[in-house]
Amino acid sequence: MTTGKDHIDLRELHNSEIPLPDGLQNNVALTTLSQLYNWGRARSTWPLLFGLACCAIEMIATAAARYDLSRFGMEVMRASPRQADLLIVSGTVTKKMVVPIVRIFNQMPEPRYALAMGACASGGGPFKEGYNVVSGIDKFIPVDVYVPGCPPTPQALLYGLITLHRKMESSSLNNINSVPWYGRGPSDEIPLPILGPDIIDPRQTEILRKEIESFNASMQEMQAEA
Amino acid sequence: MSDQAPEIAVSQEQMVRTLQERFGNVVKPDDRGNFEGVIVDRDKLVDVATALRDDYGYDYLSSATAVDYLGFGDHFEMVYHCYKTTGGPALVVKAQTPRDVATIPSLINVWSGADFQEREAYDLMGIHFPGHPNLKRILMWEGFDGHPMRKDWHEAYFEEEHKPFDNRHPDGWVKRSEEYNPFGRNVKYPQGMTLADVHDISEIDHYEGLNLGVDIEYGAIDTDRLIVNMGPHHPSTHGVFRMVVTLDGETVETLEPVMGYLHRNHEKIGERNAWIMNMPFTDRLDYISSMSNNHGYALAVEHLMEKNAIRGYSAPTERAELIRILMVEMTRFVNHIWSIGFLLNDLGAFFTPALYAIEEREIILDFFEAASGSRMMCNYMRFGGVYKDIPERIRAQAVLENDIIRDFDTMQYLRTLIYERLPRFIEEYDRLLTRNELVLTRCQGVGILPGDMAIAMSAAGPVLRASGVPYDVRRADPYSIYPELEFDVITGTNGDVYDRFLVRMGEMRESIRILQQVFPRLEETKGQPVFGMDSYVPRMGNGGESYGRVENPKGELGYYVVSMPGKDYDQNPWRYHVRAPSFINLTGLEEMCKGHKVADIVVILGSIDIVLGETDR
């Protein structure tokens, strides 16, 4: 993060475990590749220009002059998922809408992050009991940061984004588990939900089959009794 | 319309008698306690509706909705609220149908504004409308199991019919619905379903019936039509709205709005809730103008409480009404700057005009936050008043003067806002935009909606007034203290995008005019109560129906509430329906877009000013 001055504060980038002579403080930064890489990534996270509901209005307010998202290098909201690093799920996820959301998330290149903004995206919120509401986007896509609130204030969203930056900074190139997108082959796609009589998650078809079988068995029992 | 001779206002009772004389037994007055209007034999509904429109001047269908009277006569009832565009009270027309084979003739040929509303009734209640040309689901997807607004349809997380749920109150024991669901999710499948049924049929439907044949000829070349699908994820659809557009070259031939991507079951949840619990939900309808949503719901329920003569209840005090008007007119201002800012965004002036708008909005939002505790979801009004008087001081992060002064006297803050800052902003915005060449060329003559068509399509708010119809609920069917206030109803002449822009600019000026009349009276009434009573229990002993309508920034927002008599029912709305202006204004979208280019669709949609929370509810 830049300071109020017009140059980058190198102390932020410098690895504090390596001692530096006093005269070189803030002129030289000795750091690891991981740190440099994460520093660059975290300070140019481009969110997807994607609004769902009420929270989207607060997201726009966050991007506007007063809260100024560009202080964090995030003002470049991309309208295409192919160019975006971060999906801010800003609002109630309905069953009808979750299909496009999963598709959008699949289209985002790795490394990608998802932030659940507000009560609805985190767990259904006030609309949880609704018949067309998915109780939390984490049922379908992995979420990195949850921001509570209904809607979260711009300050809360900023705090969530800073938390995401911390998470990005904590990943290490040494540890392949924390940077899975460097593994072999493409990353796994999330199967698209199907809009049948109700929404069907292809990952749950096993449970569905068992439910149907147990229902059929109980029907047969009833018929046998009759 | 204004150029017609003023008609003598006819009360609803007189109108009922006139209809009975003309149609005889086909029309019966609704004699259930606290219900109003007429019940028309469904076979003759089209005749009666045509007569109402042509002979009696009821040319404006405000709301059409269905009610399920399961256990109270076991029938469905379609309720139509008809108004005259010359002003005056409603005539409520009802038609009943048995539940098992539910059919009611479509009124789309009488009032084409019934189009989406009948589709909604078909989708959520399962009533068939013979004569409707495009009767398919509108909010849920094709293939969804059941009609969710029926009283005997239960959602996956169903616990009890009414809140507060027994296990939560008074013991405070929390049930996690997902623990009781075999899938751990908010899903429910029909019994006897097989896995062979599992395939996605919902998408095909939108492309059926579109003419895709090779019949466009340019000289010797045959070309196909092109289908462009805009949304639900699209930066200029103002949310999760979708349009399926058929193009001939770049020209729009047909356009089908597809909605429901933010259908979050406002009405179903609202019917489980107790009366007051719905107040915060109304905030989330049109989430840019939560204060005026509160106002409409408060009016509807207050009206019902007056009908039931609830003990301890009295009408809002003068100060409460003043605060309401203050909040509502500020909301109108916020909404209009927001919508104009984003209209310019749609025109290609990316974000800069919107930034100007958001700056002013933040200052008003600071006041809302100080008064209600929340920036956007204010949940401020109550039945019979407002939640709290406006605070003495604002200690928010106000940037009214500079970044250092953060503690203001509220009245001083409001004075600066109403008399200096907002009028100055309007003039600045006006200077920047109104005669801007780009705005003129892109907006003039685009998306024309003629006045008669706007009335027929039940358009409301700036969309209706830009077409030259001076219909404003604040004047036509006055509520609150609007009769005491001086303001003009702004109208346009051409009904194009530019006129809608001008109407919004004019309405902001009128809002400031209203605020300047309200402000001195607020100072006079300082210290007076904002509630006329100490306590009351909102239990509608005898039940009844009520329709509360307000002129929301986006158009006429109506709440239709029905309560059933009896101790088990009167604590909750039996039916809770929202007449959403954003939803019904979209009826005319295809007409407005036909013959224009793809880029104009975005502008036309921006000029209608929809909010998806309200469109889909």
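The values are calculated or read from the model by the stated rules, or taken from the named source; none is laboratory data. Nothing here was measured: the structure is a model prediction, and the numbers come from that model. Positions of Cβ are generated from backbone atoms using ideal geometry, with glycine treated the same way; all protein chains shown enter the neighbour counts. Calculation scope for accessible area: heavy atoms of the full protein, side chains included, ligands and nucleic acids excluded. Shrake-Rupley method; radii C 1.70, N 1.55, O 1.52, S 1.80 Å.
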Requested in this report: Work out the length of the dipole vector of the protein assembly as shown about its Cα centre, built from +1 on the beta-carbon of each Lys and Arg and -1 on the beta-carbon of each Asp and Glu, and round it to the nearest 20 debye.
Outcome: 1560 debye
Query raised in the report: If you take the accessible area of B alone, add that of A alone, and subtract the area of the pair, what total do you get in Å², probe 1.4 Å, to the nearest 100?
Result: 5700 Å²
Query - Anisotropy class of the stretch B:12-125 from Cα gyration tensor, a/c 1.5 cut - result: oblate
Query raised in the report: Tell me, which residues of the stretch A:53-67 get at least 40 Å² less accessible area when the other protein chains come in, versus the chain alone (1.4 Å probe)?
Result: A:54, A:57, A:58, A:60, A:64, A:66
Report summary line: For the residue A:46, residue A:163 Cβ pair and Förster radius 30 Å, calculated FRET efficiency rounded to 0.05 is 0.95
**Report entry** Additional length obtainable on full extension of the chain from residue B:100 to residue B:359, 0.36 nm per residue less Cα span
**Finding:** 87.7 nm
Query - Estimated inter-spin distance, residue A:217 and residue B:22, nm [label 7 Å along Cα→Cβ] - result: 6.6 nm
**Report entry** Residue-normalised accessible area of the protein assembly as shown, expressed per residue, 1.4 Å probe, Å²
**Finding:** 39 Å²
Report task. Go through A:205, B:441 and list them by solvent-accessible area, largest first, probe radius 1.4 Å. Result -> B:441, A:205
Requested in this report: Kindly rank B:554-561, B:28-35, B:174-181 from highest to lowest mean number of other beta carbons found within 10 Å of each residue.
Outcome: B:554-561, B:28-35, B:174-181
Query raised in the report: Given chain B, what percent of its DSSP beta bridges are antiparallel, to the nearest 5?
Result: 95 percent
Query raised in the report: At 222 nm, what helix-only mean residue ellipticity would chain A give, in deg cm²/dmol to the nearest 500, using -39500 (n - 2.57) for each DSSP H run of four or more?
Result: -11000 deg cm²/dmol
**Report entry** Shielding score for B:228-235, defined as the mean number of other chain Cβ atoms within 10 Å
**Finding:** 4
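Gain in length, residue B:409 to residue B:75, computed as 0.36 nm per residue apart minus the alpha-carbon separation, to one decimal in nm? Mind dumping the intermediate values first?
On the way: separation 334, 0.36 × 334 = 120.24 nm, distance 5.67 nm.
Extending this stretch completely gives an extra 114.6 nm.
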Requested in this report: Pull out a ≥ b ≥ c, the square roots of the eigenvalues of the alpha-carbon gyration tensor of chain B, then state rounded if a/c is under 1.5, prolate if not and a/b is larger than b/c, and oblate in the remaining case.
Outcome: rounded
Report summary line: Full extension between residue B:352 and residue B:523 adds, at 0.36 nm per residue less the Cα distance, a length in nm of 57.9 nm
Query raised in the report: Ignoring any ligand, DNA or RNA, what whole percent of the accessible area of the protein assembly as shown comes from carbon and sulfur when the probe is 1.4 angstrom?
Result: 52 percent
Requested in this report: Select from the stretch A:185-206 all residues whose loss of accessible area on going from the chain by itself to the full protein assembly reaches 10 Å² or more (probe 1.4 Å).
Outcome: A:194, A:195, A:196, A:197, A:198, A:199, A:200, A:201, A:204, A:205
**Report entry** Span from the the stretch B:77-121 Cα centroid across to the the stretch B:136-158 one, whole angstrom
**Finding:** 21 Å
Query raised in the report: Roughly how much of residue B:128 is accessible, in Å² to the nearest 10, using a 1.4 Å probe?
Result: 90 Å²
Requested in this report: Find out how many positive minus negative residues lie around residue B:388, taking Lys and Arg as positive, Asp and Glu as negative, among other residues whose Cβ is under 12 Å from that of residue B:388.
Outcome: 0
Report summary line: Under the helix-only model (-39500 (n - 2.57) for each DSSP H run of 4 or more, divided by the residues of chain B), the mean residue ellipticity at 222 nm, to 500 deg cm²/dmol, is -10500 deg cm²/dmol
Report task. Go through A:76-85, A:52-61 and give me the packing order, highest mean Cβ count within 10 Å leading. Result -> A:52-61, A:76-85
Requested in this report: For the pairs B:84/B:307; B:136/B:597; B:84/B:554; A:139/B:151, note any where the Cα-Cα span goes beyond 22 Å.
Outcome: B:84/B:307; B:136/B:597; A:139/B:151
Query raised in the report: Got a sec? Which residues of the stretch B:374-390 lose 20 Å² or more of accessible surface with every protein chain in place, vs. that chain alone, 1.4 Å probe?
Result: B:375, B:376, B:377
Report summary line: Among beta bridges assigned by DSSP with both residues in the protein assembly as shown, the antiparallel ones amount in percent, to the nearest 5, to 80 percent
Report summary line: Taking Cα atoms, the helix A:95-107 axis meets the longest principal axis of chain A at an angle in degrees (rounded to 10) of 40 degrees
Report summary line: Here the FRET efficiency for residue A:76 versus residue B:395, based on Cβ atoms and R0 = 30 Å and rounded to 0.05, is 0.30
**Report entry** Label-point gap, in nm, between residue A:181 and residue B:444 - each point 7 angstrom along Cα→Cβ
**Finding:** 4.9 nm
Query raised in the report: Roughly how many nanometres apart are two label points built 7 Å out from the Cα toward the Cβ at residue B:597 and residue B:11?
Result: 5.8 nm
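Would you mind classifying the stretch A:88-180 by shape? Square roots of the alpha carbon gyration tensor eigenvalues, ordered a ≥ b ≥ c; an a/c under 1.5 is rounded, otherwise it is prolate if a/b is larger than b/c and oblate if not.
Judged from the Cα gyration tensor, the stretch A:88-180 comes out oblate (a/c at least 1.5, b/c at or above a/b).
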Report task. Shielding by partners for B:255-267, please: the mean number of other protein chain Cβ atoms within 10 Å of each residue's Cβ. Result -> 5
**Report entry** the stretch B:424-530: trypsin sites (Lys or Arg not before Pro) in DSSP coil with no more than 14 other Cβ atoms inside 10 Å
**Finding:** B:435, B:526
Requested in this report: Using a 10 Å cut-off on Cβ to Cβ distances, tally the other chain neighbours for every residue of A:169-175 and report the average as a whole number.
Outcome: 0
Query raised in the report: Between residue A:68 and residue B:128, what is the FRET efficiency for a Förster distance of 45 Å, r being their Cβ-Cβ separation, to the nearest 0.05?
Result: 0.25
Report task. Ignoring everything but the protein chains, give the 1.4 Å probe accessible area of residue A:188 in square angstrom, nearest 10. Result -> 130 Å²
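Take each of the peptides B:142-155, B:363-376, average the number of other beta-carbon atoms within 10 Å over its residues, and list them starting from the highest.
Taking the mean over residues of other Cβ atoms within 10 Å, the ranking is B:363-376, B:142-155.
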Report task. Post the alpha-carbon centroid distance, the stretch A:166-226 to the stretch A:35-89, in whole angstrom. Result -> 29 Å
Report task. Select from B:14, B:66, B:40 the residue farthest towards the positive end of the dipole of the stretch B:12-125; place +1 on Cβ of Lys and Arg, -1 on Cβ of Asp and Glu, and compute about the Cα centre. Result -> B:14
Report task. Could you point to the residue in A:73, A:62, A:51 farthest towards the positive end of the stretch A:34-85's charge dipole, with +1 and -1 charges on the Cβ of Lys/Arg and Asp/Glu respectively? Result -> A:73
